[in-house]
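No value in this document is a laboratory result; all are computed from the given coordinates. These figures come from a predicted structure and were not determined experimentally. FYI the Cβ positions are ideal-geometry reconstructions off the backbone, even for glycines, and counts take in every protein chain you see.
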Amino acid sequence: MAAHGECIFCPIVRQEGKGADTTLVAEEGDVVLFGDKYPSCEHHFLCCPRRHIPNVSSLTEEDLPLLRRMVALADTFVLEKLPKVSPPRPILMGFHVPPFGSIDHLHMHVLVGDLSFFAGLKYTGFWFISTGDLIAKLEKED
């Protein structure tokens, strides 16, 4: 994984340098949303804090408001901006758990649509935690 100084998401969330080539589809304060470079389904986005946080293992109960803002931004975007699809598609939000993440900057996957069998494996199991499960885990640490 890249060191903090080499993080590929930091320039994207700040819209600096090469990061400015990535379109932010939504942003609210300290949280941004952009399309995944290698989508695993029809609509695949990444929601990141502007502040560099390495991964879910770095989170504490103090980060619960940030996680809730990330979920709110993604929910609002999905409901208001994505084309209406019939029947409604499943929405999955969550994080890869270290050491299974490929980018060392906290990012929540927002997947809207049907996943292939192999993509489904990537976003389930012990290497992936849903946003709801992560929030519940941090609340218990409170």
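Might you list the cysteines of the chain that have no disulfide-compatible partner by the rule of another cysteine's Cβ under 4.7 Å?
Cys41, Cys47, Cys48
With Cα extents along the principal axes in Å defined as stated, name the option among (1) 62, 32, 29; (2) 42, 38, 28; (3) 66, 50, 30 computed from the structure displayed.
(2)
List the residues, sorted by chain then number, that are 5 or more residues from His43 or on another chain and whose placed amide H is less than 5 Å from its amide H.
Answer set, sorted by chain and number: Val112.
Within 10 Å of each candidate Cβ there may be at most 10 other Cβ atoms; applying that plus a DSSP loop requirement, which GluC sites (Glu not before Pro) in segment 5-38 survive?
Glu16
Across the chain, where is the longest run that never hits trypsin sites (Lys or Arg not before Pro) in a DSSP loop with at most 11 other C-beta atoms within 10 Å? Can you show the working numbers first?
Working: sites that count: Lys37, Lys84.
The longest such stretch corresponds to 85-142.
Relative to the compact globular guide of 2.2 N^0.38 Å, what is the alpha carbon radius of gyration of segment 91-142, as a ratio?
That works out to 1.17 for segment 91-142.
With the chain treated as a Gaussian network of Cα nodes joined by springs under 10 Å, which of Gly113, Gly94, Gly125 yields the largest mean-square fluctuation?
Highest fluctuation of the listed residues: Gly125.
Return the sequence-ordered ³J(HN,Hα) values of segment 6-13 in whole Hz as given by the Karplus equation 6.51 cos²θ - 1.76 cosθ + 1.60 applied to θ = phi - 60°, using x for Gly and Pro.
Using θ = phi - 60°, the values come out as 10, 4, 7, 7, 4, x, 5, 5 Hz.
Which pairs break 31 Å Cα to Cα here: Lys37/Lys140; Lys18/Lys140; Lys81/Lys140; Lys18/Lys81? All intermediate terms of the calculation are to be shown ahead of the outcome.
On the way: Lys37/Lys140 34 Å; Lys18/Lys140 40 Å; Lys81/Lys140 34 Å; Lys18/Lys81 26 Å.
Over 31 Å Cα-Cα: Lys37/Lys140; Lys18/Lys140; Lys81/Lys140.
Assuming R0 = 30 Å, can you tell me the calculated FRET efficiency for the pair Glu16 and Phe117, based on Cβ-Cβ distance, to the nearest 0.05?
0.20
May I ask you to work out the translational diffusion coefficient for segment 1-69 at 20 °C, viscosity 1.002 mPa s, via Stokes-Einstein with Rh from the Kirkwood sum over Cα pairs, reported in whole µm²/s?
165 µm²/s
In whole Hz, with x marking every Gly and Pro, tabulate ³J(HN,Hα) for segment 28-41 from phi via Karplus 6.51 cos²θ - 1.76 cosθ + 1.60, θ = phi - 60°.
Whole-Hz 3J(HN,Hα) from phi for segment 28-41: 8, x, 9, 10, 10, 9, 8, x, 6, 5, 10, x, 9, 7.
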